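Structure, as structure tokens:
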Amino acid sequence: MIQQSSMISTSNGSSSYFEIIHPDVPRGNFKCALFDFDGTLSLIRRGWREIMVPYFVEEIMACPDAPVKKETESIVREFVTRLTGKQTIYQCIQLGQTVSRYGGRPKDPLAYKKEYLARLWARIEISFNSLKNKSRSADDLMLKGSRTFLTALKQRGIKLYLASGTDQVNVLEEATVLELNGFFGDRIFGAKDNWKEFSKNMIISNIIEENRLMGDGLIVIGDGYVEIEEGKSAGGYALAVACDEMKAGELDAWKRNRLIEAGADAIIIDYENTQGIINYLFPG
């Protein structure tokens, strides 16, 4: 249940969406911050759902007992979103299980993942290369205010971590072209070939143990159900990002509702109002 909702004004008089869901949750004692990557900082892969969902629907519709297309799309969107934040392989595993359920013969999850990534790369190759050769500003393909917000946290002595369900090699490449390495250093984590060796739960547990944190020493920032749920389970503060990645500065209402279900303490669209967000997270 939403207990409070507010808009925080910026210094220039404009306003930015900031919805407070749990106003009584402790804040201000943060020592570490864990960021998701895609849809939370990076927009390089924006529109990835528009690649994954039709591909998965295509595979299921080829099954002998497949539902009608509209129902199939609903099934796929549900599990794709529910597993957002986990490694891509988990969505591919779920695809295989769904194919089996409707009388099909599932492929190896890695085969599904390879095909999906090939289709995604065809979409994002030009954007990635434009960043790599510096013909485009890195900030063009990040959520508004990302760099300013990261800088503000770093200046407060917050230790920054990044964890993504995208493969480690790709996360490192994309963080490099977005010029984010200076914020995270060697604290950038992504999916591994053996997917059982990586999860956001593992990363969160390691952060808490290595930094000897109490629960309220950690803030988790992301647009995926998984990191919000895991962050709350660990006792941290969950700042959820419900940005419509295809329409900069606009709220994705469906994503917002899912993030509230996951346990979000507050909802933002981006970091354009960095000062307002910082003032709220660090009262006094």
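For the range 202-213, take each phi angle, set θ = phi - 60°, evaluate the Karplus expression 6.51 cos²θ - 1.76 cosθ + 1.60, and give the result in whole Hz per residue in order, putting x for glycine and proline.
Here the 3J(HN,Hα) series is 4, 4, 4, 4, 5, 4, 5, 5, 5, 9, 6, 8 Hz.
Just want the ordering: 105, 258, 123, from fewest to most Cβ atoms lying within 10 Å of their own Cβ. Mind dumping the intermediate values first?
Numbers: 105 10, 258 21, 123 14.
Least to most surrounded, the residues fall as 105, 123, 258.
Going by a ≥ b ≥ c, the root eigenvalues of the Cα gyration tensor, does the range 111-263 fall in the rounded group (a/c under 1.5), the prolate group (a/b larger than b/c) or the oblate group? Present the calculation step by step, with values, prior to reporting the outcome.
On the way: a/c = 1.37, a/b = 1.31, b/c = 1.04.
Verdict is rounded for the range 111-263.
From the phi angles alone, apply the Karplus equation (6.51, -1.76, 1.60; θ = phi - 60°) to the range 99-111 and give each ³J(HN,Hα) in whole Hz, x where the residue is Gly or Pro.
Calculated HN-Hα couplings, in order: 4, 4, 4, 9, x, x, 9, x, 8, 4, x, 5, 5 Hz.
Can you count the Lys pairs in the range 49-132 with C-alpha separation below 21 Å, eight or more apart or on different chains? Before the final figure, lay out the partial values.
Values: 69/107; 86/107; 86/113; 86/114.
Pairs that pass both the separation and distance tests number 4.
So if I take the centroid of the Cα atoms in the range 64-112 and the same for the range 180-204, what is the distance between those two points in Å?
Cα centroid of the range 64-112 versus Cα centroid of the range 180-204: 25 Å apart.
Under 20 Å between alpha carbons, and skipping anything fewer than 8 positions from residue 247 in its own chain: which lysines qualify?
144, 255
Report the local net charge at residue 230: Lys and Arg +1, Asp and Glu -1, summed over other residues whose C-beta lies under 13 Å from its C-beta. Before the final figure, lay out the partial values.
Numbers: positive: 86, 200, 232; negative: 36, 227, 229.
Charge balance near residue 230 sits at 0.
Which whole-number percent is the relative contact order of the range 49-132 (Cα, under 8 Å, 6+ apart)? Intermediate results must be reported in sequence, preceding the final value.
Values: 68 pairs, mean separation 26.1, N = 84.
It rounds to 31 percent for the range 49-132.
Of [x] 17.5; [y] 15.2; [z] 16.2, which one was derived for mean projected area of the Cα convex hull in nm² from the structure shown?
Step by step, mean projected area of the Cα convex hull in nm² for this structure corresponds to label [y].
In whole Hz, with x marking every Gly and Pro, tabulate ³J(HN,Hα) for the range 19-24 from phi via Karplus 6.51 cos²θ - 1.76 cosθ + 1.60, θ = phi - 60°.
Rounded to whole hertz, the list is 9, 8, 8, 10, x, 8.
Which distance in nm do the two modelled labels at residue 121 and residue 193 give, with both placed 7 Å along the Cα-to-Cβ direction?
Label-label distance for residue 121 and residue 193, simple model: 1.6 nm.
Find out how many positive minus negative residues lie around residue 87, taking Lys and Arg as positive, Asp and Glu as negative, among other residues whose Cβ is under 13 Å from that of residue 87. Write out the running numbers ahead of the final one.
Details: positive: 86, 113, 192, 196, 200; negative: 36, 38, 167, 193, 197, 227.
Here the count lands on -1.
With +1 on the Cβ of every Lys and Arg and -1 on the Cβ of every Asp and Glu, and nothing else charged, how large is the dipole of the chain about its Cα centre, in debye rounded to the nearest 20? Please report the intermediate quantities before stating the final value.
Working: 35 positive and 38 negative charges, 52 e Å.
Charge dipole, the chain, about its Cα centre: 260 debye, nearest 20.
For a quick check, take a GNM of the chain with Cα springs below 10 Å and name the residue from 36, 252, 193 with the largest mean-square fluctuation.
193
Which residue fluctuates the most in the chain, going by a Gaussian network model with Cα springs under 10 Å, if the choices are 37, 189, 79?
In this elastic network of the chain, the residue with the biggest mean-square fluctuation among 37, 189, 79 is 79.
At residue 154 and residue 254, where each label point lies 7 Å from the Cα along Cα→Cβ, what is the point-to-point distance in nanometres?
The answer from the label model is 3.6 nm.
Before anything else, pin down the relative contact order of the chain: Cα pairs under 8 Å, at least 6 apart, normalised by residue count, whole percent. Can you show the working numbers first?
Working: 493 pairs, mean separation 79.5, N = 284.
Once divided by the residue count of the chain, the mean separation gives 28 percent.
Here, each number is a calculation from the coordinates, and none is a lab measurement. The shown structure was predicted, so the numbers you read here are calculated from the model rather than taken from an experiment. Positions of Cβ are generated from backbone atoms using ideal geometry, with glycine treated the same way; all protein chains shown enter the neighbour counts.
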